[in-house]
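Quick notes on the structure that follows.
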Amino acid sequence: MSKNEMMNVLVLGASGAGKSTLIKAISGAEVMTGVGEGNTQKIDVYESETWSIRCIDTKGFEYNIFEQWKTIHQVKKYTKTQLGTIEENKNNEIGIDAVWYCIEGTARRTFTHNITLMNKAIKGWKNIPVFAVITKSYSEKDIPENIDAVQQAFAKLGGVNLKKIIPVVAEEYEINDEVKVAPMGIDELCLNTLDCIDEAKNINKENRDRMVLEQKRFTANATTIGATATAFTIGAIPLNFADSQMLVPIEVGLTTVIFKIYGVKISNEIVKAIIGSSAITLAAKQVVTFAKSLPIAGDIVNGTVAGAFVLALGEGVIAVSEGIYTGKIDPKQTDKIAEVIGENIKDNPVIKATMEYFEKNSDKISGKTSKEIFNEIKKSVNKKKK
């Protein structure tokens with residue numbers, strides 16, 4: 001098996017559970033091990049010369065809640081560095097293909113607690129193959145009960161792609177001068193892990209693609225919120241701003257930045273299809289006509305409505321960008337792009353909520369700024385979504 005076919009295995013476990021000893025037995029590397037407090041304080045990667053496995057060693061979970069959070073955060077932070085694509089990394093030395101949950105066989109009472117913590121750490125890697133490794137399985141008579149206890153703990157969690165529970169003794173263990181426990185389970189663990197390489201690599205890619213898209217969406221949403229703040233300052237827009245060009249620079253700038261976030265090439269035709277969408281003008285005219293009938297200062301209405309439209313447009317541009325990025329929308333089909341924008345503008349919950357807010361609270365907004373009103377509206381929309 002070549003290097004680009006190696007499996008990237010994340011090794012998790014409580015401090016002292018035997019993670020480092022297990023990795024040492026598989027990779028042959030000099031991993032720091034010891035008794036008591038865990039020795040691994042940062043994430044290290046070890047490649048095995050015997051098996052096509054790359055072990056990703058993590059800081060062990062401590063009893064202290066703050067330290068537990070630090071470990072979970074460390075793993076999540078590491079996974080964010082693994083969100084490249086196959087095109088960006090030809091050797092596929094990225095992502096996580098499988099997880100080994102190291103559960104200390106001599107500490108059965110902590111099984112459920114430790115498995116729950118480990119599951120939180122890999123929450124973002126959906127459907128990833130998981131192997132429960134019962135380390136320090138020195139007592140043969142305890143193995144069946146330990147396996148049953150681990151099965152019950154995972155059953156309570158649900159949603160985990162548990163492949164197998166494997167008792168392991170990573171290195172020879174001396175009980176007394178006459179009795180020694182020989183290493184066991186290493187071959188079974190590695191073989192079973194490698195057996196699911198095709199499934200694991202596919203899931204790895206799906207997870208990376210999904211998380212990359214989520215990160216792009218998060219950044220694009222933050223950019224859109226920033227643009228709405230700029231729109232609030234256009235308080236001096238006349239009430240017929242729907243027919244003016246005052247929001248166009250903001251809209252064009254927002255569209256350009258969002259397309260750049262998604263790495264999508266933008267053309268003048270695409271910009272025209274988005275900014276020139278008839279749905280935007282029609283919806284804006286409807287809101288303005290409604291607003292004229294209310295006894296509210298024009299600048300308050302204008303600033304709030306401008307923010308609502310920029311937000312709605314941003315959400316539409318994100319939908320278009322994601323469609324092009326994922327191959328669901330052909331960038332040459334400008335009619336389709338205009339249609340997607342129109343669908344996002346028409347019956348947009350924020351625009352509808354803006355109209356409802358002014359209708360119900362026209363006598364209660366004295367002294368409030370456009371930004372304060374808009375934030376109230378956005379909060380109510382988010383609450384309804386939940």
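The one condition from (1) under 20 Å from residue 16 (Cβ atoms); (2) assigned to a helix (DSSP H, G or I); (3) touching a Ser or Thr at 6+ places or on another chain (Cβ under 8 Å) that residue 100 does not meet is (2). From the list 266, 270, the lone residue that is part of a helix (DSSP H, G or I), modelled with pLDDT of 65 or more and not hydroxyl-bearing (Ser, Thr, Tyr) is 270.
Under the condition of being crowded, with 18+ Cβ neighbours inside 10 Å and not in a strand (DSSP E or B), which residue from segment 40-51 is modelled with the lowest pLDDT? The extreme case among them is 40. Does residue 116 satisfy the criteria of being in the same structural domain as residue 55 (by TED's automatic domain parsing), part of a loop (DSSP other than H, G, I, E, B) and surrounded by fewer than 22 Cβ atoms within 10 Å (Cβ to Cβ)? So residue 116 fails the test. With respect to the numbered conditions (1) of a type in the set (Asp, Glu); (2) exposed (fewer than 14 other Cβ atoms within 10 Å of the Cβ); (3) at pLDDT 70 or above, which one is the sole condition not fulfilled by residue 243? Every condition holds for residue 243 apart from (3).
Scanning segment 138-191 for residues that are at pLDDT 90 or above, among the small types (Gly, Ala, Ser) and either part of a loop (DSSP other than H, G, I, E, B) or under 13 Å from residue 100 (Cα atoms) (or both) yields one hit, 185. Counting just the residues of segment 291-301 that are part of a helix (DSSP H, G or I) and surrounded by fewer than 24 Cβ atoms within 10 Å (Cβ to Cβ), which one comes out modelled with the highest pLDDT? Only one residue tops the list, namely 300. Per the conditions (1) part of a loop (DSSP other than H, G, I, E, B); (2) out of contact with any helix residue (DSSP H, G or I) (no Cβ under 7 Å at 6 or more places or on another chain), the sole criterion not satisfied by residue 125 is (2).
Can you confirm whether residue 128 is in contact (Cβ under 8 Å) with a residue 40 or more places away in the chain, within 19 Å of the chain's Cα centre (by Cα) and closer than 27 Å to residue 76 by Cβ? In short, yes.
The values are calculated or read from the model by the stated rules, or taken from the named source; none is laboratory data. Because the structure is a prediction, the values reported are computed rather than measured. Don't worry about glycine lacking a Cβ; one is built from the backbone with ideal geometry, like all the others, and counts go over all protein chains shown.
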